[in-house]
Structures are given as C-alpha cells and as structure tokens.
Amino acid sequence: MADDLSLFTRFAQMLGAPEPALKLLSSLLIGYPLLLLHRYTLYRRSPTLQHLFFVVCGLSIGIFNNGYGIIHSMICVVAGWLLLAVMGGTAASVIIANVFQMGYLIIGYYMSSSDSYDIKWTMPHCVLALRLIAITWDMYDGHKDKLEVSKDQALTALHRCPTLLEVAGQTYFPASYMVGPQFPMRRYLDFIHGRLFPEPLPNTVVVGLQRGCLGLFFVALYQGASLWLKEEYLVSLQFQDMSFLSKCLYVGLWGKITLYKYNACWLITEGICILSGLSFNGKEAGKDRWNACENIRVARFEKACRFSHMIESFNVNTNVWVAKYVYKRMKFLNNRDMSALSALMFLALWHGLHSGYYSCFFLEFLINIFEKDVERLTSRYPAFLAHMNSPLMKPLRFVLMKIYVLVLFGYCLAPFVLLQTYRWWAFFKTMYFVGHIFFGGWMLYRPLVVMALNAVYG
C-alpha cells in the first residue's frame, strides 16, 4: 500500500513529522513568495485586485489544509459582514457577533473534538472568530460619542461598514489566516491603500527573511528536542518512578521546548508581515519599527524570570486582543481580579472544550495574584530589594527565578497539552500538586513571609 501514499505523505514520513504539521509549515512558508509577488506587482495599486489576490491565496491555503472545511470560514465571513451591514455600530450587533462567532467555534470543537490536539479546520477558525468579533467592536466604537471612546479604541474604530471583499481580504490574508497574528481592520485598510507609511516603500525583505529564518531555527530545535521530550512521558510509569528533582527538570525542559513550536509559527508569519510592510509601527530614534504584528518577543521570552514576563512575551497580539475586547470591557464588574478571571476563562473557551485548558488558565489566574501580591509586599521593604539587587545576590536571584519559571511554567502548561482530566490529574498527582500548593497556598504561608521580612528588614 506504500505506493498509494502521496508524495507529500512520504516526505512527512521521511522527516518523522505528522503530515498535517508539515502541511501547516508549508502553508506558512508559501506566504513569503506570495507577499513578495504582491509587494512588487500589486502594492499601492487597485485595492480590489489586492483584496481578490489575498482571498484567492488564503482560500487555496485553507483548502490545501482542510479541504471542504473551508466552507465554515466562508459561512462566518458572510454572516459577520451581513451583521455589520444590517446592524453595524449597535450594541446588539456586538452581542450577536460574540454569540454567533464563538458559538459556531464551540460547536465546531464539539463536533470535531478528539483525545488530542488536532490540526483541523477549527485551528484557523479560532483566529477568524476573534477577527470578526473585533470588526464588530471597532464599528461599535466608531459610532459612539467621541468623548466615550478611549485612546486605544480610537486607533481601531471604524466609521463605515467594510465591504464584504474587504472583510474577506483581511480574513484570508495569507500571512495570518492559519495561525494569526491578529491585526485590526484599520491597519489592513491603511496597508491596502498605501497609507501605512510614506513613500518610498522601505526595504523590509531582509528584515522579514531574518525573522523567518529564526522561526525555522525554532522548528529545527523543537523537532530535534521533541524526540526525547514527549508529552506521553508525563503520564508514563517511567516518569512516576523518577525522583522528584528529575521530574522537575524534565517538566521544565519539556515545557520550554513545547512552546518553541508556537514560537516558530509566529516568527515565520511575523516575517511575512514584515516583508509585506503590514508590520510597520512608526519610527523610534529615526529607525523604522516592524513590531506591529509581533506575536513572540524572543529576547523577553528567553530572559523571563517571572510568569508575567512569559505572558507579556508570548502570543502577544492575542493577549492584546483579549485585553482590549474582553478585560477592559468588563469594567462594570468593578473588580480587576474578576475581569482578569473572565478574560482567562474566555481564552480557555476560545481554545476548546477540553478541561485541560480551564485548568491551565485557572493556574495562570492564581499565578497573577501571587506575583502581584509578592511585588506589593516586597515593595514595602526597600532594604530587602536593595539586598536582592546587590552584586552578590543578583546572579543567585536570577538563577533561582529562572528555575522557578522553568519548572512551574512546565507544570502549568501540562494540562493545556494533556487535555483530558484523567491525564492531567494523574500528572499533578505524580508531581504531588506542587504548583497548586505553591500558588494556591500562598495566603496560608504569606503571614510567615511577612514575619520573616519584618524580623530582618522591618
């Protein structure tokens, strides 16, 4: 039966990579020649031709990856545009968009869910859902009184209804259709109409290719390391028999490597956005900035000594989206912690129905509370902070904080990857629920920390 296998399937088997993952990587990389073609033939020319070019490219990529599954995105694009055309700018349109787009995605998860994370039509569709919801919010902001619009809302507000072709062009933009990044309709239209930056078009090809090569480096790093660091091992008998310190080391390294596959995808797509010019973000010290579509801040990610650093540097545009369209819109709760929990539970639902997502994001909520409280507490003791920043203690503090982030981030990431309750619960039991005790038990041992600080630095 080997003769019946396609050339692409054989190539995937030769590389030892899943065929859907190789298709995804190919679909991301094809964005480079496509956007180069656009750059040198269509840029600043007919907007209609540009939209059509992006729609055809994006639909082709979608069909290549998901076949007839592309119909789901087409249904939601048309439905989203009709809602804008009929009710755009109203609060009702925002409510309907959130219910319809998220509802369609959740039903898709329910109908196509399996015991593992699969690359199927719901993966690009989750990107699409946020994009279509954002357009509705932006049009709503564009129809509000100017005094009621915040500074960040004013930057993306839409004062007219986009055409169906404009919505489809933004949706199927080949650099972002499959895995993001998110960018507002205003940015897309400014790019199409040549308003994003002045003449002449800066030379972004080298910068974009450099970012893409960094993404390919992470692909190679992940592919090589994942041969030894596998998620299945976390729930194996061999893992249970390891010493606790060995488990911590494995979990820390596994978590770090697991995130590299996401970093790789985002760096590749960011490179395409830079190459196209879409990532232009003004000038700083006379130099062009190309970070508007940045989804991973590599230096910040690698140097992270706190969970908040990891969160700030990872999946940047999605976090910005959630902050703008969920967290800040929950002001009526009059409680930042409740707004943060609502935003994190939205993120969990956006990822899918598996319990592991909710376990992961609830742990993130506990981490945020813990780190903010520690920061507030230690700020009361300037002598303690000065001691921690002394030349002798600073390197030791850095090492201890890196171990803290490495091990406990892997611990928190495990349910996100293991997905099913019985799997991540078994993992936590094997790890003696160390992360839950560390973060959840903070309020119990916090008084002891305060007593120690008062005794030494009070």
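The values are calculated or read from the model by the stated rules, or taken from the named source; none is laboratory data. This one's a predicted model, so the numbers in the text were calculated from it and none came from an experiment. So basically every Cβ, Gly included, is an ideal-geometry build from the backbone, and we count neighbours across all protein chains shown. To get the accessible areas, we keep the full protein, side chains included, count just its heavy atoms, and leave off ligands, DNA and RNA. Shrake-Rupley method; radii C 1.70, N 1.55, O 1.52, S 1.80 Å.
Only protein atoms count toward the accessible area here, which uses a 1.4 Å probe; on the chain, the carbon and sulfur part of that area reaches 68 percent. Once Rh is set to the Kirkwood radius over Cα pairs, what Stokes-Einstein translational diffusion coefficient, in µm²/s, holds for segment 81-150 at a temperature of 25 °C and a viscosity of 0.890 mPa s? Stokes-Einstein gives a translational diffusion coefficient of 184 µm²/s. Where does the Debye-calculated log10 I(q)/I(0) of segment 414-458 sit at q = 0.25, 0.32 Å⁻¹, using only Cα point scatterers of equal weight, no solvent? So the normalised log intensities are -0.84, -1.02. A cysteine counts as unpartnered when no other cysteine's C-beta lies under 4.7 Å of its own; in the chain this applies to Cys57, Cys76, Cys126, Cys161, Cys213, Cys248, Cys265, Cys305, Cys360, Cys412.
When the alpha carbon coordinates of segment 255-314 are projected onto the principal axes, the ranges are 36, 24, 12 Å, largest first.
When a/c is below 1.5 the answer is rounded, else prolate if a/b is larger than b/c, else oblate, so apply that to segment 334-425 with a ≥ b ≥ c taken from the square roots of the Cα gyration tensor eigenvalues. Write out the running numbers ahead of the final one.
Details: a/c = 4.27, a/b = 1.74, b/c = 2.46.
Note, shape of segment 334-425 comes out oblate.
Across q = 0.07, 0.09, 0.10, 0.14 Å⁻¹, the chain modelled as identical point scatterers on its alpha-carbon atoms has Debye log10 I(q)/I(0) values of -0.40, -0.66, -0.82, -1.49, in the order of the q list.
How big is the dipole moment of the chain about its Cα centre under a simple scheme where the beta carbon of each Lys and Arg is +1, that of each Asp and Glu is -1, and everything else is neutral? Debye, nearest 20, please. Mind showing how you got there, number by number?
Values: 40 positive and 27 negative charges, 225 e Å.
Roughly 1080 debye, rounded to the nearest 20.
Rounded to whole Å, the principal axis extents of the Cα atoms in segment 54-102 read 37, 20, 10, largest first. Only one residue of Trp290, Asn317, Cys265 has its Cα farthest out toward the positive end of the dipole of the chain, where Lys and Arg carry +1 and Asp and Glu -1 on Cβ, and that residue is Trp290. The separation of segment 329-397 from segment 221-293, counted between C-alpha centres, amounts to 21 Å.
Along segment 420-433 the Karplus relation, 6.51 cos²θ - 1.76 cosθ + 1.60 evaluated at θ = phi - 60°, assigns HN-Hα couplings of 7, 4, 5, 7, 6, 5, 4, 5, 4, 4, 5, 8, 6, 6 Hz to successive residues, with x for each Gly and Pro. With contacts taken as Cα pairs under 8 Å at a separation of at least 6 residues, segment 335-457 carries a relative contact order of 33 percent. Cross-link partners for Lys120 among the lysines, with Cα-Cα distance under 17 Å and sequence neighbours closer than 8 places in the same chain left out: Lys23, Lys261. With 5 Å bins beginning at zero, the pair-distance distribution over Cα atoms of segment 154-289 amounts to 2, 9, 14, 15, 14, 12, 9, 8, 7, 6, 4, 2, 0 %.
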